[in-house]
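Q: Quick one: the structure is below, questions incoming.
The values are calculated or read from the model by the stated rules, or taken from the named source; none is laboratory data. Predicted, not measured: the structure shown is a model, and the values here were computed from it. Backbone-built Cβ (ideal geometry, glycine too); neighbour counts: all protein chains shown.
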Amino acid sequence: MVRQDGYQFDSFSLEVSIPPLILQNEASLWSYMQSKYGSEPWFREKIHTGCVSIKDALKFSLINPLEKLLDCKSSLCPFRIRLTYTHTKASEGVAKCSDNGGSCKRRKTGESDSIGEGTLSSSVEDESFDFSKLFPKSENEPCNFSYNCSRTPFYFGGRYLKYSRNVSQTRWIIDDERMGEASVEEIIGIKVLQACGGDNYKFHAAGREDIDVRMLGPGRPFILEVQNTRLVPTEQFANDIEKMINKEENKLVRVNNLKLVGSDGWNLMREGEGEKQKQYAALVWTSRPLKDEDFQQVSSLKDLKVAQRTPIRVLHRRSPLEREKIIHWMKMETVAGSSQYFLLHLCTQAGTYIKEFVHGDLGRTHPSIGSILGCRAEILQLDVTDIKMECFLT
Amino acid sequence: MSDHITEESNFSETKEKEKEKEKQKEQDEAEDEELRKLLLSDVQNLPSTPPSAVESNFAIYFALDFMKPRHDQYVYRHANGLCVIGLAPSHVAFKDEGGITAIDFNVGKSDRSGVKVTGKRKKNAQHFESNTALCKVSTKNDSYIVRCCVKGSLLEVNQQLIKQPELLNASIGKDTLLL
């Protein structure tokens, strides 16, 4: 079956799951022996040298033949083979354990056996419960056996650029209709998924931008989690996928520095997410022509504090709060020879709403470009030009 | 003899580093150029007056002669369902000499300016009918009741207007927000 699914692997990790009934019998035998022979020295010696549990014994006996069959060694690795033995007779002990103060927090219907095993093994550790009261009855029915194999997820990290003003970051569907022509997560995720034969993907990015905002410069860090890959991705594989995505004709999205990352990738991305600065370029129109003094005034403002109430456009799904944000610096340059249009470059604290800082959101963001210049200001387009984070830069 | 050689190798090392720095600088400048080109790619046909943020993001409605003649109000409705209610420029209050002098949110059963709505689910938002009173605007000689004109829950009022009612007299001046 492993071959059938097309798994590529060079080692495997075996997991075995046995019915609670067997555990219960094992535990009752054990406590019986403990009560009967507990005082005997040979018994106590045996405890010290260690006894093999039924589960481990089963595992040991299975590993060798499996190794020979699959022609590779068993070790702790991402590729897992799980053998599940179940029995129709549920364990008596389970009900008693749960009453006995065992915390059975997850009551999933139809999965009683797997919970049973969990609570039993935790009860076995709890020595106060006297298993000797439950006598093993001889069983005539054999166990049911099922197997499956899977791989632990792989993680790709990198930076993405978004050149289109009609592509959302994640899949966005309202009333069965897709908003925008594509999404960054699908463009990247589907390619990677197909290439390494995974079951599904999860896209995690360090922050987000609106659908009509382009992501330029070095790009925004992201991590793509791929579950149950059939092939084993390598560094070369990551390079090839990156080239493939960037060769796409419509050039909506670009990927840089795609590589495999371990758990440290998460820390790099999440670390200081709230403090990281972001840089933007906005095309702004003002209701009066601007003069040199206006340019000077804007450039002179350093670490400007801005009080932003939750913008009206997101107020339906976010809490109404007033958030103080910092605009670290600003720079204006004229555009197309016009005295009322200019490109505003600014560097702000993470979480600042740029559009609202320009037009003031009906006075709910204060100060705003309009209030600083004493006129009306509108934003026509916005681009993210830099995300000042250390990760995934090479 | 060896000193001479180390000096030479140091010299060539620094030259290499300088070359690298130059290359890096050129690369950075090229990247900046590319970025600038992208940033300015759409500045060909700019309108002399672009649409305002309100015009682009809201559907603008007017309620004329609402319950009383010349009581004209506007409603800006966002795609997400939130509405901004305010006095239209043609409202009778603006015709009075001196314009609007005071605003009082303490009408009906409660002070609308004291409402504290919290959380994503907007707890404590009061339900209003279209004829519920929002506030009272006063001019030198008269006062007028401003009503809700749409059905919904009140999220916030424009606190600035309490201290600076003259803002209403300028072209900007929103009144309240509704869900």
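Q: Scan the stretch A:371-389 and report the pairs whose first residue is facing chain B (nearest Cβ under 8 Å) and whose second residue is part of a strand (DSSP E or B) and of a type in the set (Phe, Trp, Tyr), with Cβ atoms within less than 9 Å and a gap of 6+ or a chain change.
A: Partner pairs satisfying both residue conditions: A:Arg376/A:Trp285; A:Glu378/A:Trp285; A:Ile379/A:Trp285; A:Leu380/A:Trp285; A:Leu380/A:Tyr341; A:Asp383/A:Tyr280; A:Thr385/A:Tyr280.
Q: What is the number of the single condition among (1) modelled with pLDDT under 90; (2) more than 39 Å from the chain's Cα centre (by Cα); (3) among the hydrophobic types (A, V, I, L, M, F, W, C) that A:Met269 does not meet?
A: Unmet for A:Met269, out of (1) modelled with pLDDT under 90; (2) more than 39 Å from the chain's Cα centre (by Cα); (3) among the hydrophobic types (A, V, I, L, M, F, W, C): (2).
Q: Identify all residues within the stretch A:301-342 that are within 19 Å of A:Asp210 (Cβ to Cβ) and more than 7 Å from chain B (Cβ to nearest Cβ); write none if there are none.
A: A:Val306, A:Gln308, A:Arg309, A:Thr310, A:Pro311, A:Val314, A:Arg323, A:Lys325, A:Ile327
Q: What single numbered condition from (1) under 25 Å from A:Val335 (Cα atoms); (2) modelled with pLDDT under 75; (3) not hydroxyl-bearing (Ser, Thr, Tyr) fails to hold for B:Val54?
A: (2)
Q: Related question: Within the stretch B:162-171, is there a residue that is more than 14 Å from chain A (Cβ to nearest Cβ), surrounded by fewer than 19 Cβ atoms within 10 Å (Cβ to Cβ) and over 20 Å from the mean Cα position of the chain (by Cα)?
A: no
Q: Could you check the stretch B:100-121 and list, in sequence order, the residues that are in a loop (DSSP other than H, G, I, E, B) and either among the hydrophobic types (A, V, I, L, M, F, W, C) or within 15 Å of B:Asp72 (Cβ to Cβ) (or both)?
A: B:Ile100, B:Phe105, B:Val115, B:Val117
Q: Sort out which residues of the stretch B:80-99 are assigned to a loop (DSSP other than H, G, I, E, B) and under 26 Å from A:Leu321 (Cβ atoms), and write them in order of number.
A: B:Asn80, B:Gly81, B:Leu82
Q: Another question, if that's okay. Give me the residue from the stretch A:343-353 that is outside any strand (DSSP E or B) and farther than 24 Å from B:Arg36 by Cβ and, out of that set, nearest to the other protein chains (Cβ to nearest Cβ).
A: Applying the filter and picking the extreme gives A:Tyr353.
Q: Among the residues of the stretch B:33-56, write down those that are among the charged types (D, E, K, R) and at the interface with chain A (Cβ under 10 Å from one of its Cβ atoms).
A: Across the stretch B:33-56, the qualifying residues are B:Glu34, B:Arg36, B:Asp42, B:Glu55.
Q: Restricting to the stretch B:143-161, and then to whatever is within 13 Å of chain A (Cβ to nearest Cβ) and touching a residue at least 40 places away in the same chain (Cβ under 8 Å), can you tell me which residue is farthest from B:Leu82 (Cα to Cα)?
A: For the stretch B:143-161, the residue satisfying everything is B:Leu161.
Q: Can you find, within the stretch A:285-334, the residue that is farthest from A:Gly351 (Cα to Cα) among those that are of a type in the set (Val, Ile, Thr) and surrounded by 19 or more Cβ atoms within 10 Å (Cβ to Cβ)?
A: Here the residue is A:Thr286.
Q: I've got another one for you. Output the number of the condition that A:Glu356 fails; it satisfies all remaining conditions of (1) within 11 Å of chain B (Cβ to nearest Cβ); (2) within 20 Å of A:Glu324 (Cα to Cα); (3) within 26 Å of the chain's Cα centre (by Cα).
A: (3)
Q: Separate question: From the list A:Ala350, A:Ala336, pick out the single residue that is more than 28 Å from B:Gly152 (Cβ to Cβ), under 31 Å from the mean Cα position of the chain (by Cα) and aliphatic (A, V, I, L, M).
A: Among A:Ala350, A:Ala336, only A:Ala350 is more than 28 Å from B:Gly152 (Cβ to Cβ), under 31 Å from the mean Cα position of the chain (by Cα) and aliphatic (A, V, I, L, M).
Q: So, of the residues in the stretch B:57-79 that are more than 30 Å from A:Phe342 (Cα to Cα), free of Cβ contacts under 8 Å to residues at least 24 places away in the same chain and in a strand (DSSP E or B), which turns out to be farthest from the other protein chains (Cβ to nearest Cβ)?
A: B:Tyr61
Q: Scanning for something surrounded by fewer than 19 Cβ atoms within 10 Å (Cβ to Cβ), closer than 30 Å to B:Glu156 by Cα and hydrophobic (A, V, I, L, M, F, W, C), does the stretch A:351-371 turn up at least one residue?
A: no
Q: Exposed (fewer than 15 other Cβ atoms within 10 Å of the Cβ), within 14 Å of chain A (Cβ to nearest Cβ) and either polar (S, T, N, Q) or in contact (Cβ under 8 Å) with a residue 12 or more places away in the chain (or both) - does that describe any residue in the stretch B:95-113?
A: no
Q: Among the numbered criteria (1) over 23 Å from B:Asn57 (Cβ atoms); (2) hydroxyl-bearing (Ser, Thr, Tyr); (3) outside any strand (DSSP E or B), which one does A:Ser339 miss?
A: Condition (3) is where A:Ser339 drops out.
Q: Mind checking which residues of the stretch B:125-179 are assigned to a loop (DSSP other than H, G, I, E, B) and modelled with pLDDT under 80?
A: B:Gln164, B:Ala170, B:Ser171, B:Ile172, B:Gly173, B:Lys174, B:Asp175, B:Leu179
Q: Tally up the residues in the stretch A:175-197 that are under 24 Å from the mean Cα position of the chain (by Cα) and not in a loop (DSSP other than H, G, I, E, B), please.
A: 16
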